[in-house]
Each structure stands twice: as C-alpha cells, then as structure tokens.
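Shown next, in structure tokens, is the structure this report addresses.
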Amino acid sequence: MKVKNICCIGAGYVGGPTMAVIAQKNPDIKVTVVDINASRIAAWNHDDLEQLPIYEPGLDKVVAEARNRNLFFSTDVDAAIEAADMVFISVNTPTKTYGKGKGMAADLKYIELCARQIARVAKSDKIIVEKSTLPVRTAQAIKSILHNTGNGVKFQILSNPEFLAEGTAVADLMAPDRVLIGGEQTEDGFKAIQALVNIYATWVPQENILTTNLWSSELSKLTANAFLAQRVSSINALSELCEVTGADVNEVANAIGKDSRIGPKFLKASVGFGGSCFQKDILNLVYIAKSYGLDAVADYWEQVIIMNDHQKHRFASKIIQTLYNTISGKKIAFLGWAFKKDTNDTRESAAIYVADQLLEEQASIVVFDPKVTKQKMQSDLNYLNTRSEEDNAQYLTTVPEPYEACKDAHAIAILTEWDEFKTYDWQRIYDQMQKPAFVFDGRGILDQSQLKTIGFQVYVIGK
Ligand code: NAD
Ligand code: UGA
C-alpha cells in the first residue's frame, strides 16, 4: 500500500519536527499536522520562521522547504483525519495528576480522545501510528475503541516511537540510529508495517529500520529512556563520591567510557536530568511493573528518579551552605533555565527545582537564558505552588543580557550548558560582582583554573 495522505494529531516537539522531515523527504505525500491549540498552529504557519513554536537548530530550513508544498498545519482535526490514509498520534502523555496512578502512571486521556475522534470521523480504512510514548499494551486499548464503531472501517495499529532528543531533533531525524516499527504479526499487520517502512526508507537505510511486534516496540521506548536516564543518575551518584574522595568525575567518566562495553556517551555529570520524558517515562515503567506485582523491578528503576532528585537538592544545598548558610536577600544569578542547551523547552528543568529551594531561603534570583522567556520561567515556578505568584515574580526576575544578570551578584549558578556561557568575559563579570565571588558550575562547562586565576571561588559538580 502506498500512503498518499498523512495526518498527525499533535503539533508539539515531536509532531512538528517529525512531520516536517517526513514531508521534506516525501514530497509526493501530503502531510497535515493538526492541533487543538490554535496559537501553536498559527505559530507553525507564521511567515517569520523565527516565530516557529519550537526552537530547534535547522528546523526553520526544513519547514521553509516543505511548508505549503506538501506540509500543512491546521486546526481542522476532523478534515485531516478523514482525508488521511495514515494517522500519527503525537499528543502529550504526561504523568497523571489525579486518581488511580496519580504521580506515576501516564495520563492517556488525550490518546483516548484521539482514538475516539478517529473512530467518529473515519469513513475509509486507515493505519493508526502511535508516535507518542505509551505504556506497553496501549495499542490494545486503541484497537478496542476503533474496532467497535460498527461502521465497517478497518484500522491497523502500529507503534513507531520517537527517539529524537531536543536540541538535536533535526539531526536525529535526518540520521536516526534506528527507526522502530511495531505491528500486528498478521498479513494485514505486515502490510501496514511495510507502508510505514516505505516512508522512512526514502532517507533511512533499510538496515536501520527495525520491525517488531507491537508490545516490544512500545516497551522498547520506555526502556531506552530508562537506560539513558539511569546512566545520568549513575554518573551523578559517582559525582558526589568524587567530591569527597578527590577523584574527578570527568576523569572517571573518560576512563570508564573508553571501555567499548560502556561507551563514552551520556556520562556527563550534571545538576540533574530534566526534560519532559525521562522522569515521566521511568515513573510509568515503575507503575507498570508495580501493577504486575513486580516490586523489585519497580524499586530498581525508581532509584534513578530518587538519585536525580537528590542531585538537584544537593546542588541547591551546596550553594546555601557555601554562602555561609544564609542567602536571604542575596542576589544569585542563574545562567540557563532550559533543561539542556539548544532548546527553549523547560519541562522538568533542574533550574526550576534549584530556584524553588533557594527562594525558600529568601534568595533574590536573576536569570538569563538565551531562549527561555520570562513568562515561561514564572509559569514553571507557579506550577509548583510553593508560594504566591506575586512572590515568585518579585524574587525571581529575568534579564535579557548575561552581564546584567551577574552584576552585583553574590554567586552565579550554571544550570544549562549553553555554549555561549564559555565565551563570556569572566574578568568583567568578576569585577562587577560582590566579593568573594562564587561560581557554582552545575554543568562542568567552565574553565575552572581560569576562573580561579581571576579570583572566583569555584564549585564544580563532581570535583
Ligand atoms: P507537546 O506537549 O509538545 O505536544 C503535544 C500536542 O498535542 C500539544 O500541542 C497539544 O495541544 C496537542 N493535543 C493534545 N490533545 C490533542 C487532541 N485531542 N487533538 C489535537 N491535538 C491535541 O508534546 P511532545 O513533547 O511533542 O510529546 C508528544 C509525545 O511524544 C509524548 O508522548 C512524549 O513522551 C513523546 N516524545 C517526546 C519527545 C520530546 O523530545 N519532547 C521525544 C520522544 C517522544
Ligand atoms: C531524551 C532521549 O535522549 C531521547 O532519545 C528521547 O526520544 C527523548 O528523551 C524523549 O523521549 O523525550 P531529551 O530529553 O530531549 O531526549 O534530551 P537528552 O539529551 O536525553 O537530555 C535529557 C537530560 O539529561 C537533560 O537535562 C540533559 O542535560 C541531561 N543529561 C544528558 C545529563 O545530565 N548528562 C548527560 O550525559 C546526558
């Protein structure tokens, strides 16, 4: 079967870039990305490519090439579903904030709404592709909704999890380590799998396109994120031990990373991992394991989150303790708010939790981030509900320029590893700060000896 018309429900960090690349590589397929969020769709359609709702290096060029050729962004969800042969579901699957599984299970209400909408609207057979990250066996639930419409329309369900990382989304999509497609192991299932394989095969080598059964594909996504997050928590656990023993976490990471069985990637000690998915997906894995009565499995993976929370808390405590156990009224400059460099995404960013802990001690925080807006920072803090919105706005302010953020500060904390932080005039920054001038490098990106020569008191994670 040759797919001619694709609809993607959800124009977020995954739906937008993924569909832009699919459209760019398949000019003969019409791709329509739909969302109920009208302002997000308007931003995707904005003439000024700087106004796209997501900042990703290289994304503007891909969108510029494909948009209004075979890539369209719309709020007319019904029309796009009806016209499509293949419907990707790429909506958010956050951690549940209510009811059974609160704080752990994935909230699948948006997925179910999509399934019901497809069931209501579809008049012709369709392949439904799970692009969102989902608990293993979700395809079963989608199937039972779609197969009970009584209108004779046939559906095949595929799982095609996305492995892109933010900040490198376009590069990851252009050259993925692998594309994973799970489907029913029946004749119709294999045909559906092949239809999706053909779309990716226009630019991904066949040997990098893996096909499995549905449940392996669904579970592989949660497993991949759990393994990645576990590496960060592992090196972060060791960073604390390095600090008390005189070992240097970078040297340890380098030494173990040379072992080809371990490998060098994802061993950078940090203030803690953030992002929309690691925590959510591990909590989901823990919940699934518990729901099958596998308590030892659940406890094992939960430890990755416990370690990550500890690391964020430990960094904030280090600042407080170093500043003579009192930061009330002291100005602390934050460089970075995004959960990693090269993105404007702040979901679960370590900066939010470090700021919250420092604000509890009545610090005055001034933030500079190259891509994150003041509104976003305030809403991140307000979401925690620790204090009033007025207090958050009064004690955490945002400036558009790094030197202003650091002027008269008692301490600077590096929360995101933006490259530009390394190139600042650190002598100028030092001259304008309160003395002693402290730097807390939560990302290990600055030249520690250069800073010390200037006169800074420097703390680096894991050293
Ligand atoms: P997002 O919040 O950026 O985007 C989801 C979009 O879906 C929102 O714009 C929302 O308005 C829209 N939506 C929700 N319900 C809808 C409905 N019924 N009809 C139309 N639109 C609807 O989320 P995201 O970061 O793109 O993540 C989507 C999924 O992909 C999640 O399951 C996530 O775990 C997974 N994922 C994310 C990443 C990442 O880097 N962000 C990477 C891999 C996988
Ligand atoms: C992660 C995965 O890398 C993607 O494969 C996956 O598709 C995605 O989650 C998802 O499912 O959402 P992402 O969260 O965008 O991607 O970014 P990462 O590069 O994985 O970084 C996650 C967090 O870990 C960041 O806060 C980063 O700073 C931190 N990190 C990463 C470290 O502290 N040390 C490292 O060595 C690597």
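The values are calculated or read from the model by the stated rules, or taken from the named source; none is laboratory data. These numbers were taken from a predicted model, which means no experiment stands behind them. FYI the Cβ positions are ideal-geometry reconstructions off the backbone, even for glycines, and counts take in every protein chain you see. Remember, those area values only see protein heavy atoms, side chains included, never the ligands or the DNA or RNA. Shrake-Rupley method; radii C 1.70, N 1.55, O 1.52, S 1.80 Å.
Check V153, V91 and return the single one that is within 21 Å of the chain's Cα centre (by Cα) and more than 22 Å from L228 (Cα to Cα).
Working: V153 fails: within 21 Å of the chain's Cα centre (by Cα).
The match here is V91.
Does E112 satisfy the condition of being part of a helix (DSSP H, G or I), more than 10 Å from ligand 1 (Cβ to nearest atom) and either hydrophobic (A, V, I, L, M, F, W, C) or open to solvent by 10 Å² or more (accessible area, probe 1.4 Å) (or both)? Don't jump to the end; show me each part of the working.
Values: part of a helix (DSSP H, G or I): yes; more than 10 Å from ligand 1 (Cβ to nearest atom): no; either hydrophobic (A, V, I, L, M, F, W, C) or open to solvent by 10 Å² or more (accessible area, probe 1.4 Å) (or both): yes.
No.
Quick check on this structure: which one of D188, D172, D125 is of a type outside the set (F, W, Y), at pLDDT 95 or above and within 17 Å of C7 (Cβ to Cβ)?
Of D188, D172, D125, the one residue that is of a type outside the set (F, W, Y), at pLDDT 95 or above and within 17 Å of C7 (Cβ to Cβ) is D125.
Select, from I6, I22, the only residue that is surrounded by 19 or more Cβ atoms within 10 Å (Cβ to Cβ) and either near ligand 1 (Cβ under 6 Å from one of its atoms) or closer than 27 Å to G275 by Cα (or both). Lay out the reasoning, then the answer.
Working: I6 fails: either near ligand 1 (Cβ under 6 Å from one of its atoms) or closer than 27 Å to G275 by Cα (or both).
None of the others qualify; the one that does is I22.
It is to be established whether one or more residues within region 202-217 are within 16 Å of ligand 2 (Cβ to nearest atom), crowded, with 21+ Cβ neighbours inside 10 Å and farther than 16 Å from I128 by Cα.
No; the residues of region 202-217 include none that is within 16 Å of ligand 2 (Cβ to nearest atom), crowded, with 21+ Cβ neighbours inside 10 Å and farther than 16 Å from I128 by Cα.
Please specify each residue of region 135-184 satisfying the condition of being part of a helix (DSSP H, G or I), open to solvent by 20 Å² or more (accessible area, probe 1.4 Å) and within 17 Å of N213 (Cβ to Cβ).
Keep residues of region 135-184 that are part of a helix (DSSP H, G or I), which gives 138-146, 169-174.
Filter once more, keeping what is open to solvent by 20 Å² or more (accessible area, probe 1.4 Å): 140-141, 143-145, 171-172, 174.
Passing the criteria: Q140, A141, K143.
Restricting attention to region 1-44, which residues are free of Cβ contacts under 8 Å to residues at least 40 places away in the same chain and within 20 Å of L108 (Cβ to Cβ)?
N37
Tally up the residues in region 257-299 that are in a helix (DSSP H, G or I) and surrounded by 15 or more Cβ atoms within 10 Å (Cβ to Cβ), please.
Selection size over region 257-299: 16.
Across region 236-251, which residue is surrounded by the fewest Cβ atoms within 10 Å (Cβ to Cβ) among those that are touching a residue at least 60 places away in the same chain (Cβ under 8 Å) and among the aliphatic types (A, V, I, L, M)? Don't jump to the end; show me each part of the working.
Step one: list which residues in region 236-251 are touching a residue at least 60 places away in the same chain (Cβ under 8 Å), which gives 236-240, 242-243, 248-250.
Keeping just the survivors that are among the aliphatic types (A, V, I, L, M) gives 237-238, 249.
Working: A237: 16, L238: 19, V249: 23.
Checked region 236-251; the qualifying residue surrounded by the fewest Cβ atoms within 10 Å (Cβ to Cβ) is A237.
Do you know which residues across region 318-338 are under 26 Å from the mean Cα position of the chain (by Cα) and either open to solvent by 40 Å² or more (accessible area, probe 1.4 Å) or more than 14 Å from Q434 (Cβ to Cβ) (or both)? Even if it seems obvious, please write down each step before you answer.
Here is the first cut: in region 318-338, the residues under 26 Å from the mean Cα position of the chain (by Cα) are 333-338.
Residues satisfying the conditions are F334, L335, G336, W337, A338.
How about region 370-449: which strands (runs of 3 or more DSSP E) wholly inside it have at least 2 residues that are open to solvent by 20 Å² or more (accessible area, probe 1.4 Å)? Walk me through how you get there before you give the answer.
On the way: elements: 396-398, 411-414, 438-441.
Passing ranges, in order: 396-398.
Tally up the residues in region 252-269 that are basic (K, R) and touching a residue at least 60 places away in the same chain (Cβ under 8 Å), please.
Looking only at that region, the number is 1.
Six or more apart or on different chains, Cβ under 9 Å: which pairs go from a residue in region 337-364 that's under 18 Å from T322 (Cα atoms) to one that's within 13 Å of ligand 2 (Cβ to nearest atom) and of a type in the set (V, I, T)? Could you list them?
Taking only residues 6 or more apart or on different chains, the pairs are V354/V271.
G99 fails exactly one of the following numbered conditions: (1) of a type outside the set (K, R); (2) within 16 Å of ligand 2 (Cβ to nearest atom); (3) surrounded by fewer than 17 Cβ atoms within 10 Å (Cβ to Cβ). What is the number of that condition?
The number of the failed condition is (2).
Return the residues of region 354-368 that are open to solvent by 10 Å² or more (accessible area, probe 1.4 Å), touching a Ser or Thr at 6+ places or on another chain (Cβ under 6 Å) and not in a loop (DSSP other than H, G, I, E, B); say none if nothing qualifies.
Residues satisfying the conditions are D356, V366.
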